[in-house]
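Visitor: Handing you a structure now.
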Amino acid sequence: MEWRDEGILLTVRRHGESSAIIEVLTHGHGRHAGVVRGGGSRRMAPILQPGARLALDWQARLEDHIGTFRVDPKPSNMALILSDRAALAALGSISALVTASLPEREAHPQLYATTLELVESLAVAQDWPCLYAAWELALLAELGFGLDFSRCAATGGTEDLVWVSPRSGCAVSREGGAPWADKLLPLPEFLRSGWDAAIPVSGADLAAAFRLTGHFLEARLGPSLARERVPAARGRAVDVILRRHGHSDPLAEAAEP
């Protein structure tokens, strides 16, 4: 059995004296693991960095074997990510969420494309934190936990959608949600209808976005995970990002006594 693909490196761990077992998110073969001969060497260390883009050749005697990878690096902005604390934390969160939530060897080409766009934007695009928040929504949708921002759950209208029901995940208009405003989650405009990269998104809007995605990651994705909780790397990433924008993690604040 063999195939060729491209992927984003998620995790690396030593295997034996000189090899490594890597896990990658690939375009056509999903989350996939394999052994890299010599992957534990100093020569391979700069190549096998989580977040790196790789050209992959996988081989195994049988399809269900772990198999071996031959890897070649593709152009990436890893040097910039490694020097940016917030971008590096976001990369750790992406890797942890994908590793914890996606089934092995199940292709998710659209999520792969969205993840690749985000990873290539880290530490480069000014609006990458917005892309990261939108990526968390995309991950929820890919796993069957998508939210509906198309119309108001209370009135059916499509205008002035400013909240989200924490139970249904559906948008609620200002008028329709007024009686329950203190129980609804704010819906930042940039999550509902996209954003113009030339117009900065405020720290308050970012905080609201991460409060929204964090709630549904915990409430919908968390119970389906092995430890029934979202990886801690996600909270660390959000905290670093928001502190850079003059805010703190709203979920972390809510958990404080």
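Visitor: Mind listing whichever residues of the stretch 75-88 are surrounded by 13 or more Cβ atoms within 10 Å (Cβ to Cβ), in a loop (DSSP other than H, G, I, E, B) and modelled with pLDDT under 95?
Guide: Listed by number, the residues that qualify are S76, N77.
Visitor: If you don't mind, there's one more thing I want to ask. Collect the residues in the stretch 248-257 that are surrounded by 16 or more Cβ atoms within 10 Å (Cβ to Cβ) and either modelled with pLDDT of 75 or more or part of a helix (DSSP H, G or I) (or both), keeping them in residue-number order. Can you show your working first?
Guide: The first filter runs over the stretch 248-257 and keeps only residues surrounded by 16 or more Cβ atoms within 10 Å (Cβ to Cβ), leaving 249-251.
Within the stretch 248-257, P250, L251 meet the criteria.
Visitor: Go through the stretch 60-74 residue by residue and tally those that are surrounded by 15 or more Cβ atoms within 10 Å (Cβ to Cβ) and outside any strand (DSSP E or B).
Guide: 2
Visitor: Related question: Among A113, A134, A138, which is free of Cβ contacts under 8 Å to residues at least 40 places away in the same chain and either farther than 29 Å from W3 by Cβ or among the aliphatic types (A, V, I, L, M) (or both)?
Guide: A138
Visitor: In the stretch 22-44, how many residues are more than 25 Å from A107 (Cα to Cα), surrounded by fewer than 16 Cβ atoms within 10 Å (Cβ to Cβ) and of a type outside the set (K, R)?
Guide: 2
Visitor: Something else about it: Just to be sure I understand, how many residues within the stretch 29-59 are among the hydrophobic types (A, V, I, L, M, F, W, C), touching a residue at least 12 places away in the same chain (Cβ under 8 Å) and not in a strand (DSSP E or B)? Break it down into steps so the answer makes sense when it comes.
Guide: Let us first name the residues in the stretch 29-59 that are among the hydrophobic types (A, V, I, L, M, F, W, C), namely 33, 35-36, 44-45, 47-48, 52, 54-56, 58.
Still in the list and also touching a residue at least 12 places away in the same chain (Cβ under 8 Å): 33, 35-36, 44, 47-48, 52, 54-56, 58.
From what's left, not in a strand (DSSP E or B): 44, 47-48, 52.
Of the residues in the stretch 29-59, 4 are among the hydrophobic types (A, V, I, L, M, F, W, C), touching a residue at least 12 places away in the same chain (Cβ under 8 Å) and not in a strand (DSSP E or B).
Visitor: Looking for whichever is assigned by TED's automatic domain parsing to the domain that holds T115, of a type outside the set (S, T, Y) and surrounded by fewer than 20 Cβ atoms within 10 Å (Cβ to Cβ) here; the options are E175, E142, E136, E159. Which one fits?
Guide: Numbers: E175 fails: assigned by TED's automatic domain parsing to the domain that holds T115; E136 fails: surrounded by fewer than 20 Cβ atoms within 10 Å (Cβ to Cβ); E159 fails: assigned by TED's automatic domain parsing to the domain that holds T115.
Checking each option against the conditions leaves just E142.
The values are calculated or read from the model by the stated rules, or taken from the named source; none is laboratory data. Just so you know, these numbers come straight off a predicted model, no measurement behind them. Positions of Cβ are generated from backbone atoms using ideal geometry, with glycine treated the same way; all protein chains shown enter the neighbour counts.
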